[in-house]
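Worksheet for the structure shown next.
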Ligand SMILES: Nc1nc2c(ncn2[C@@H]2O[C@H](COP(=O)(O)OP(=O)(O)OP(=O)(O)O)[C@@H](O)[C@H]2O)c(=O)[nH]1
Ligand SMILES: [Mg+2]
Ligand SMILES: [Zn+2]
């Protein structure tokens, strides 16, 4: 009997890391007995039975991310490439709000900056994120990465982002002993090939980081409509000045958020993306009815 953390799941094989820092292969004792499906990041109790190790219970989770599927992380490293695939603030915002909704701190990592010109407008967008209080880490091939190791140290992080943005490459760069499989994006499709196939936590730079498969669609069905605006940190200084306490900052009069957008105090893109996601949530609700 002992306590351990699940660090890798491939079908029914669970790799667990025990308190004595041993890697063991365990199996579940059935979803009904465990009460929920085990996730990478879960703390579990295990016990040896005959010739197998069985997980007997899962501890309560601090947080859960559905895509990628992981529990108990301190922060999500949202990886976006400058090109191949193209940088998109719309996608960044969507990732950030989904991560915040799961009560996980977002960090933005932008890769492949060696492939764009120094005067590319995306650099301005990165400054705007930084000014809003987000940690932004810039990655270019052949250049030192500033701030990444300090950001990872003593924390459990999950890499998230589209296929082909360079999540696995980042871990390989952090520790040259790592040889995680990476692959150029498809010339025909202009997107990644889903090179990483499973979620796995790796010990690196004094912390733990999960590499994950890239995914192509995001779902907002789990965010209640009235909780969305609370996830937009840029609205923080203004929402209490709206006339209505439950202002959605869309059609209401005397909305301090809309005024701040007009005055150039909130980035227009951020506000537009907010309205788009609001609409997406409303549309998803309709389809589920
Ligand atoms: N030029 C340049 N290429 C990079 C950089 N980072 C990653 N790449 C390349 O981008 C391609 C995709 O990288 P991966 O690390 O496989 O991407 P991934 O996010 O792990 O993709 P999935 O596992 O499919 O989710 C590889 O060919 C890398 O060599 C970078 O900073 N600059
Ligand atoms: Mg990968
Ligand atoms: Zn408002």
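Values in this text are rule-based calculations from the coordinates and carry no lab data. On a predicted model such as this, the values are computed, not experimentally measured, just so you know. Methodologically, a virtual Cβ is constructed for each residue, glycine included, from the backbone with ideal geometry; neighbour enumeration extends over all protein chains shown.
Of the residues making up the range 151-183, those that are more than 21 Å from residue 99 (Cα to Cα) and more than 17 Å from the chain's Cα centre (by Cα) are 172, 173, 174, 175, 176, 177, 178, 179, 180, 181, 182, 183. Listed by first and then second residue, the pairs with beta-carbon distance under 6 Å, at least 6 apart or on different chains, first residue in the range 158-169 and closer than 21 Å to residue 7 by Cα, second part of a helix (DSSP H, G or I), are 159/167; 161/167. Selection of the range 227-280 for residues being within 13 Å of ligand 3 (Cβ to nearest atom), within 20 Å of residue 90 (Cβ to Cβ) and assigned to a loop (DSSP other than H, G, I, E, B) yields 232, 248, 249, 250, 266. Scanning the range 69-88 for residues that are under 15 Å from the mean Cα position of the chain (by Cα) and closer than 14 Å to residue 109 by Cα yields 75, 76, 77, 78, 79, 80, 81.
For the range 179-214, filtered to residues that are part of a loop (DSSP other than H, G, I, E, B), in contact (Cβ under 8 Å) with a residue 40 or more places away in the chain and under 13 Å from residue 163 (Cα atoms), the residue that is farthest from ligand 3 (Cβ to nearest atom) is 198. Annotation: of all residues in the range 130-156 being crowded, with 16+ Cβ neighbours inside 10 Å and out of contact with any helix residue (DSSP H, G or I) (no Cβ under 8 Å at 6 or more places or on another chain), the one that is farthest from residue 201 (Cα to Cα) is 151.
The set of residues in the range 55-95 being more than 22 Å from residue 136 (Cβ to Cβ) and in contact with a strand residue (DSSP E or B) (Cβ under 6 Å, 6 or more places away or on another chain) consists of 55, 56, 57, 58, 59, 61, 64, 70, 71.
Condition check: loosely packed, with under 12 Cβ neighbours inside 10 Å and within 16 Å of ligand 2 (Cβ to nearest atom). Does residue 245 satisfy that? When the stated conditions are applied, residue 245 does not pass them. Scanning the range 203-219 for residues that are farther than 15 Å from residue 76 by Cβ and crowded, with 19+ Cβ neighbours inside 10 Å gives 204, 205.
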